[in-house]
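My questions all concern the structure below.
The values are calculated or read from the model by the stated rules, or taken from the named source; none is laboratory data. Treat the numbers as computed from the prediction; the structure is a model and nothing was measured. Cβ atoms come from the backbone with ideal geometry, glycine included; neighbour counts cover every protein chain shown. Heavy atoms of the whole protein, side chains included, go into the accessibility calculation; ligands, DNA and RNA do not. Shrake-Rupley method; radii C 1.70, N 1.55, O 1.52, S 1.80 Å.
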Amino acid sequence: MRIPVVDCRGVVLMPCTSAKARQLFKSGHARPKRNRLGMFFVQLCYEQEPNNQLLVVGVDPGSTFEGFSVVGTHDTVLNVMVEAPTHVKDAVETRRTMRRARRHRKWRRPMRSHNRLNRRKRIPPSTRSRWEAKARIVAHLTHLLPLTDAVVEDVQAVTRTGKEGTWNLSFSPVQVGKDHLYRLLTDMGLQVHLKQGWETKQLREKYGLKKTNQKAKRSFDSHCVDSWVLAASESGAEKPTCQRLWYVIGAVLHRRQLHRLQASKGGVRKPYGGTRSLGLKRGTLVHHAKYGLCTVGGFDRKKQTVSLHAYRTNTRLTQGAKPATCNVKTWVAWRSWLVPQT
């Protein structure tokens with residue numbers, strides 16, 4: 001695999017091989033780092049003028065899983081499989097239900113009409129979260145790799161033909177979302193290229209690659225095969241030199257609410273949610289002497305303890321960890337790891 005490289009100023013350079021990275025670490029000319037995606041990269045201890053080549057990112061959007069591939073003129077730099085956010089729709093509906101329930105009580109606060117989005121251009125929350133998540137992944141990749149172009153599979157939106165052909169395209173959430181994504185990618189300075197679904201199939205046949213029907217399979221041939229052929233169609237690569245896969249899951253933080261949805265024993269509704277636990281930001285990557293590498297979850301205000309969760313599965317390990325016993329590493333917005341080879 002190729003490893004991203006930046007200099008001491010944060011200027012992105014061409015990625016290097018693992019052997020070159022070990023040599024830089026051994027000589028003391030570089031140090032290991034991880035970005036918000038949890039991906040490993042090399043930071044040089046000196047300034048280096050960039051001599052970058054063409055690097056293209058391919059994006060295969062999906063409703064549940066997505067694929068991202070960074071391909072050069074010959075080598076495959078990166079393959080990423082991401083779980084798309086699907087929790088926003090239910091979270092917004094729950095928030096709306098609780099808000100309406102509070103307004104029917106005696107201690108309710110009046111609705112503030114000046115902060116509503118009436119007659120303003122807006123994107124539905126679930127649509128916005130899904131498509132902006134794709135843009136955030138690409139944005140983090142641009143901080144590590146000198147990307148120049150982006151090739152996206154243009155998914156088809158179901159619309160009705162009416163007056164003057166496509167007069168109601170803005171009524172489709174898919175159409176609104178993908179247009180929003182294209183604007184964000186263009187603002188990053190990337191040259192955006194669009195491919196239709198049938199063109200992606202032809203590219204797979206051209207390169208002799210096959211796609212599996214198992215969408216949840218953590219392998220190259222599930223989603224990254226499409227993103228790779230999209231990027232290779234623009235960069236000119238002939239074959240995937242590396243099929244190793246990074247698997248990425250976005251961190252889901254429970255926002256602060258007035259109280260829990262269900263009352264506990266005695267009819268008491270305890271506070272719920274928030275982004276901090278006894279001074280630690282939730283999702284912070286820590287190392288515990290007993291549980292190893294894990295992330296911070298909720299906390300118990302009375303016992304002054306925090307809960308720790310497994311890094312990959314997000315399974316809760318304990319609720320009685322003291323903050324003093326947690327060695328803080330960094331805060332990551334995504335949980336990611338390199339899928340083992342089979």
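Loop-only check: which trypsin sites (Lys or Arg not before Pro) in segment 1-103 are DSSP coil with at most 13 other Cβ within 10 angstrom?
Numbers: sites: Arg2, Arg9, Lys20, Arg22, Lys26, Lys33, Arg34, Arg36, Lys89, Arg95, Arg96, Arg99, Arg100, Arg102, Arg103; in loops: Arg9, Arg36.
Sparse-neighbourhood loop trypsin sites (Lys or Arg not before Pro): Arg9.
Within 10 Å of each candidate Cβ there may be at most 11 other Cβ atoms; applying that plus a DSSP loop requirement, which trypsin sites (Lys or Arg not before Pro) in segment 245-334 survive?
Answer by residue number: Arg255, Arg256, Lys265, Lys290, Arg301, Lys302, Lys303.
Compute the length gained on full extension between Met14 and Ala91: take 0.36 nm times their separation in residues and subtract their Cα-Cα distance, giving the result in nm to one decimal.
Net length gain for the segment: 23.6 nm.
Considering only protein heavy atoms, what per residue accessible area in square angstrom results for segment 215-342 with a 1.4 angstrom probe?
Result: 57 Å² per residue.
Read phi for every residue in segment 293-298 and hand back ³J(HN,Hα) as whole Hz from Karplus 6.51 cos²θ - 1.76 cosθ + 1.60, θ = phi - 60°, with x for Gly and Pro.
7, 8, 10, 8, x, x
So what's the net charge close to Glu153: Lys and Arg +1, Asp and Glu -1, counting the other residues with Cβ under 9 Å from its Cβ? Provide the component values of the computation, followed by the final result.
Numbers: positive: Lys195; negative: Asp60, Asp154, Glu199, Asp226.
Neighbourhood net charge equals -3.
Between Arg36 and Lys215, how high is the FRET efficiency from 1/(1 + (r/R0)^6) when r is the Cβ-Cβ distance and R₀ = 25 Å? Nearest 0.05. Walk me through the numbers on the way to the answer.
On the way: r = 26 Å, r/R0 = 1.03.
The formula returns an efficiency of 0.45 here.
Can you list residues from other chains, or at least 5 along the same chain, whose modelled amide H is less than 5 Å from the amide H of Lys329?
Sorted by chain and number, the residues that satisfy this are Leu285, Val286, His287.
How big, in percent, is the set of alpha carbon pairs in segment 209-342 lying more than 24 Å apart? Working shown, then result.
Values: 4313 of 8911 pairs.
Looking at segment 209-342, the distances longer than 24 Å represent 48 percent of pairs.
Size of the dipole of segment 152-297 about the Cα centre, Lys and Arg at +1 and Asp and Glu at -1 on the beta carbon, nothing else charged, in debye to 20?
Once rounded to the nearest 20, the dipole reads 1240 debye.
Compute the distance in nm between two label points, each set 7 Å from the Cα along the Cα-to-Cβ direction, one at Glu199 and one at Thr318.
5.5 nm
How large is the translational diffusion coefficient of the chain in µm² per second when you combine the Kirkwood radius over alpha carbon pairs with Stokes-Einstein at 10 °C and 1.306 mPa s?
On the way: Rh = 22.7 Å.
Estimated via Stokes-Einstein, D reaches 70 µm²/s.
Then there is this: Taking amide H positions as placed in the peptide plane 1.01 Å from N, state which residues far from Phe299 in sequence (5 or more) or on other chains have amide H under 5 Å from it.
Ser307
Which percent of the accessible heavy-atom area of segment 239-342 goes to carbon and sulfur, probe 1.4 angstrom?
C and S fraction of accessible area: 51 percent.
Could you provide, to the nearest whole Å², the per residue accessible area of segment 53-102 with probe 1.4 Å?
Ligands and nucleic acids excluded, the figure is 42 Å² per residue.
How large is ³J(HN,Hα), in whole Hz, for each residue of segment 236-246 in order, when computed from phi with the Karplus curve 6.51 cos²θ - 1.76 cosθ + 1.60 and θ = phi - 60°, using x for Gly and Pro?
Residue by residue, segment 236-246 yields x, 5, 9, 7, x, 7, 8, 10, 5, 10, 8 Hz.
For segment 1-108, which whole-number percentage of the solvent-accessible area (1.4 Å probe, protein heavy atoms only) is attributable to carbon and sulfur atoms?
Numbers: 2880 of 5900 Å².
Roughly 49 percent of what the probe reaches on segment 1-108 is carbon or sulfur.
Could you give the longest part of the chain that holds none of the chymotrypsin sites (Phe, Trp or Tyr not before Pro) found in DSSP loops with at most 16 neighbouring Cβ atoms within 10 Å?
My reading of the result: 168-342 is the longest stretch.
I've got another one for you. Rounded to the nearest 5, what is the percent of antiparallel bridges among the DSSP beta bridges in the chain?
Percent antiparallel among DSSP bridges in the chain is about 75.
Separate question: Could you estimate the translational diffusion coefficient of segment 1-157 from the Stokes-Einstein equation, with Rh from the Kirkwood formula over C-alpha pairs, at 20 °C and 1.002 mPa s, in whole µm²/s?
Result for D is 113 µm²/s.
While we're on this one: Longest exposed-loop-site-free stretch of the chain, with GluC sites (Glu not before Pro), DSSP loop and at most 10 other Cβ within 10 Å?
Answer - 48-163.
Could you give me the ³J(HN,Hα) list for segment 37-44, computed from phi with Karplus coefficients 6.51, -1.76, 1.60 and θ = phi - 60°, whole Hz, x at Gly and Pro?
6, x, 8, 7, 8, 10, 10, 6
May I ask you to rank Cys16, Cys45 by accessible area, largest first, using a 1.4 Å probe over the protein chains only? Kindly include the intermediate steps, with their values, before the conclusion.
Working: Cys16 15, Cys45 70 Å².
Greatest to least solvent exposure: Cys45, Cys16.
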